[in-house]
Every structure is written in structure tokens, then in C-alpha cells.
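**Q** Take this structure, written in C-alpha cells, and hold onto it; I'll ask about it next.
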Amino acid sequence: GQGMNAGFEDISELGRLEEKHGDDWEKIFSEYQEIRKPNADAIAELSYRNFMEMSSKTADPQFLLRKKIEKNFAEKHPEKWIPAYSRVTFSEAPYAEALKIGDRQAAIMDEVMQIPEIEQKWNSPEVENKILKLLKNN
């Protein structure tokens with residue numbers, strides 16, 4: 001689905017550039033490459049990560065806990081945290097931006113998962129405050 005969406009974005013961008021530059025295809029393709037390549041690379045990376053996640057991590061208790069913590073935090077602070085899947089699937093943010101923010105959030109969650117006894121504390125003010133602090137520092 002996201003590949004098809006990226007294709008629609010490509011066509012839309014190509015049309016916009018054709019309107020902007022007429023039939024100067026050298027200019028159109030040069031600008032098109034500059035604009036779309038980062039997003040094409042990002043959607044390829046996001047697709048790969050999603051495949052790996054779905055094929056090998058969904059039975060891992062630590063992975064499931066991590067997703068539960070993210071979901072809980074996102075519900076409490078939707079203005080501060082949109083999970084990567086939601087950002088890619090339900091927003092118009094560029095894929096490159098979604099990948100960058102997703103990487104930042106993954107690094108935060110890596111730290112959160114190191115909290116001693118995280119399995120018992122996952123829904124505590126300690127965890128929530130740790131995420132808020134890490135968001136401010138990044």
C-alpha cells in the first residue's frame with residue numbers, strides 16, 4: 001500500500017514539476033531526483049524494517065512490551081509521539097521525515113527498555129517522565 005502511495009506522490013510531483021518547467025525535461029528530472037530520492041530511499045528502508053518486524057519480532061515479549069509502552073505514551077501525549085507506523089500510514093509527512101523521527105523514537109525506546117524492572121513499571125510515571133525528558137534532550 002505504501003509503495004502505491006509513494007508512486008502516486010511521484011506522479012503528482014512529476015506533474016507539478018512539468019507545470020513549473022514546461023518541457024525542460026533535463027530540469028524536471030534533475031529536480032525530481034533531488035526531491036523524490038530521499039523519500040524513495042526512506043520508504044524502501046521503512047518497508048524493509050516493517051517486514052523484519054512482522055516476520056520475526058511480533059512473538060518477542062520485549063518487542064510487544066515496547067509497542068505497549070509506545071502506544072500508552074502516544075495516547076497520553078499525541079502531540080509529542082506518533083508511532084512510526086501511524087506516521088507513515090496515516091499522515092502526509094514525507095517518508096524521509098517519518099524515518100528520521102522513527103529513528104529518534106527508537107533510540108528513546110532503547111533507553112526506556114533499559115529501565116530496571118521495566119516489565120512491572122511500563123505504565124508508571126517514571127517511564128512517562130523518562131520519555132518526556134528524552135524527548136526534550138533530543
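**Q** Using a Förster radius of 30 Å, what is the FRET efficiency between Trp25 and Ala106 based on their Cβ-Cβ separation? Nearest 0.05, please. Please list the in-between numbers first.
**A** Numbers: r = 39 Å, r/R0 = 1.32.
Efficiency, rounded to the nearest 0.05: 0.15.
**Q** Over the range 50-138, with every protein chain in place, what whole percent of the accessible area is carbon and sulfur at 1.4 Å, could you tell me?
**A** Heavy-atom surface of the range 50-138 belonging to carbon and sulfur, 1.4 Å probe: 55 percent.
**Q** ³J(HN,Hα) across the range 83-94 via Karplus (A = 6.51, B = -1.76, C = 1.60, θ = phi - 60°), whole Hz, x for Gly/Pro?
**A** Result, rounded to whole Hz: x, 3, 4, 5, 4, 6, 7, 10, 9, 9, 5, x.
**Q** For Cα pairs less than 8 Å apart in space and 6+ apart in sequence, what is the mean separation divided by the residue count of the range 5-135, i.e. the relative contact order in percent?
**A** 21
**Q** Averaging over all projection directions, find the projected area of the Cα convex hull of the chain and quote it in nm² with one decimal place. Spell out each step's value before the answer.
**A** On the way: hull surface 38.7 nm².
Its average projected convex-hull area is 9.7 nm².
**Q** Hey, another quick one. Once you place label points 7 Å from the Cα toward the Cβ at Leu64 and Asp41, how far apart are they in nm?
**A** About 3.7 nm separates the two model spin labels.
**Q** With a probe of 1.4 Å, find how much accessible area the chain has per residue, and write the answer as a whole number in Å².
**A** Counting only protein heavy atoms, the per-residue value for the chain is 66 Å².
**Q** Within the set Lys67/Lys136; Lys37/Lys80; Lys71/Lys100; Lys37/Lys130; Lys37/Lys133; Lys67/Lys133, which residue pairs have Cα atoms separated by over 30 Å?
**A** Pairs exceeding the cut-off: Lys37/Lys130; Lys37/Lys133.
**Q** Taking θ as phi - 60°, what are the ³J(HN,Hα) couplings along the range 116-130 by the Karplus curve (6.51, -1.76, 1.60), each to the nearest whole Hz, with x for Gly and Pro?
**A** Computed from phi, the couplings for the range 116-130 are x, 6, 4, 4, 8, 9, 3, 10, 9, x, 4, 5, 4, 5, 4 Hz.
**Q** Select from the range 67-138 those trypsin sites (Lys or Arg not before Pro) which occupy a DSSP coil region and have at most 13 other Cβ atoms within 10 Å, ordered by residue number.
**A** Lys80
**Q** If you don't mind, another one. Applying the Karplus parametrisation 6.51 cos²θ - 1.76 cosθ + 1.60 with θ = phi - 60° to the phi angles of the range 99-113, what ³J(HN,Hα) value in whole Hz is obtained for each residue in order, glycine and proline being reported as x?
**A** 5, 4, 5, x, 5, 5, 5, 4, 5, 4, 5, 4, 5, 4, 5
The values are calculated or read from the model by the stated rules, or taken from the named source; none is laboratory data. What you see is a predicted model, and the numbers here were worked out from it, not measured in a lab. Virtual Cβ from ideal backbone geometry, glycine too; neighbours counted across all protein chains shown. We work out accessible area using only protein heavy atoms, side chains counted, and drop any ligands, DNA or RNA first. Shrake-Rupley method; radii C 1.70, N 1.55, O 1.52, S 1.80 Å.
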